[in-house]
Amino acid sequence: MRLPAALLAASIASIASALLAGCANAPQRGDAHAAVAAAVAIAPCPAKPKWDDPTAPRHIHGNTWYVGTCSISAILITSEAGHILIDGAIDSAVPGIEANIRALGFDPGQVRYILNSHEHIDHAGGIARLARDTGARVVAREPAATALERGKGDRGDPQFLTVAGFAPVPSVQRIGDGDALRLGALELTAHATPGHTPGGTSWTWRSCDEAGQCRTVVYADSLTPFSDKVYRYSDDAAHPGALAAYRRGIETVAALPCEILLTPHPGASDLFERIGPQASKPLVDTGACRAYAAVGAAKLDARLEQERAQPAPAAH
Ligand SMILES: [Zn+2]
């Protein structure tokens, strides 16, 4: 049975207020928020969703939540000291992301940091507006930090000629490979995983539930080689060290301690089949990062093979 949309919204709102009313003065209990997220069956996304098609928020594990769209992830990690949001989809998706945060009973104004997987419009395009709305500080690794401030990557981006620019972020705090960002009890580590873009970054943290059970979560960036007509991954003279860094990033993802894999496009890790009330696949899979890295490596090998078969036009 499918509930009419208005009834669905009303029932979510009443369940949310009933569950959360009692804790206005108490610390926010993850269980209550999780109950809100799990209370109602989630309407399916279109077969070919747009970047800003909205979908209901979902509980992932412990203090980790999905607040993104049908096709682009946005991940909320909550704490008593404030929250951290990873990725902002595109500008037009921001009202839906903020509504999802509120629907779970959290306050967007409590988001203290916004992080990014990679510096492309579909994951970074909403960050400027989210930062403005929430007052959060944006944190990124170079060269993504510079691209976020400019609203566009540079020729080091394999898709530089084909990917659109986005609203620039006025000020971005830098973080280094392997460095940790701390907020209260939260600690997220940045891992350089360039290749899809030069600033590609994967993030890891421990998510703990009310019972004190903790899991290692990996938000692994895209490892897929997409490019415009000019960029060649094999051309080390044009992009010194880029291919080797790409390989190292794939090895990094394969070697990460990994219990719950999340990805910037939910479909890349079957995320909607693994979370929420209709989950049909296991959430925890300690081999998921290795498998994801293997797919990335195979795609890169295929791409390099293709470049060998199509020699570059002579330099002129
Ligand atoms: Zn991208």
Residue among Y233, Y246 that is surrounded by 21 or more Cβ atoms within 10 Å (Cβ to Cβ) and either under 17 Å from the mean Cα position of the chain (by Cα) or not in a strand (DSSP E or B) (or both): Y246
Restrict the check to region 143-154 and report whether at least one residue is more than 16 Å from the ligand (Cβ to nearest atom) and either at pLDDT below 95 or part of a loop (DSSP other than H, G, I, E, B) (or both). no
Considering (1) under 26 Å from A93 (Cα atoms); (2) in contact with a strand residue (DSSP E or B) (Cβ under 7 Å, 6 or more places away or on another chain), say which one R206 fails and leave the rest. (1)
Looking only at region 161-174, how many residues end up being among the hydrophobic types (A, V, I, L, M, F, W, C), in contact with a strand residue (DSSP E or B) (Cβ under 8 Å, 6 or more places away or on another chain) and either in a strand (DSSP E or B) or within 16 Å of the ligand (Cβ to nearest atom) (or both)? 1
Regarding S222, is this residue hydroxyl-bearing (S, T, Y), within 13 Å of the ligand (Cβ to nearest atom) and within 21 Å of V67 (Cα to Cα)? yes
Just checking, does region 285-296 include any residue being surrounded by 13 or more Cβ atoms within 10 Å (Cβ to Cβ), farther than 20 Å from R155 by Cα and in contact with a Pro (Cβ under 6 Å, 6 or more places away or on another chain)? no
Which numbered condition R58 misses (of (1) modelled with pLDDT of 95 or more; (2) touching a Lys or Arg at 6+ places or on another chain (Cβ under 9 Å); (3) not aliphatic (A, V, I, L, M)): (2)
Output yes when any residue across region 92-105 is farther than 25 Å from P158 by Cα and assigned to a loop (DSSP other than H, G, I, E, B), and no when none is. yes
Note on region 106-142: residues more than 18 Å from L181 (Cα to Cα), outside any helix (DSSP H, G or I) and within 15 Å of the ligand (Cβ to nearest atom) are E119, H120, G125, G126
Within the bounds of region 175-187, is there any residue that is within 16 Å of the ligand (Cβ to nearest atom) and in contact (Cβ under 8 Å) with a residue 12 or more places away in the chain? no
Being free of Cβ contacts under 8 Å to residues at least 12 places away in the same chain and within 25 Å of the chain's Cα centre (by Cα) narrows G199, G241, G212 down to just G212
Of the residues in region 260-282, those that are surrounded by fewer than 19 Cβ atoms within 10 Å (Cβ to Cβ) and either more than 16 Å from the ligand (Cβ to nearest atom) or of a type in the set (S, T, Y) (or both) come to D270, E273, P277, Q278, A279, S280, K281, P282
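The values are calculated or read from the model by the stated rules, or taken from the named source; none is laboratory data. This is a predicted model, so every value here is computed, not measured. Because the Cβ atoms are built from the backbone with ideal geometry, glycine has one as well, and the counts that use them run over all protein chains shown.
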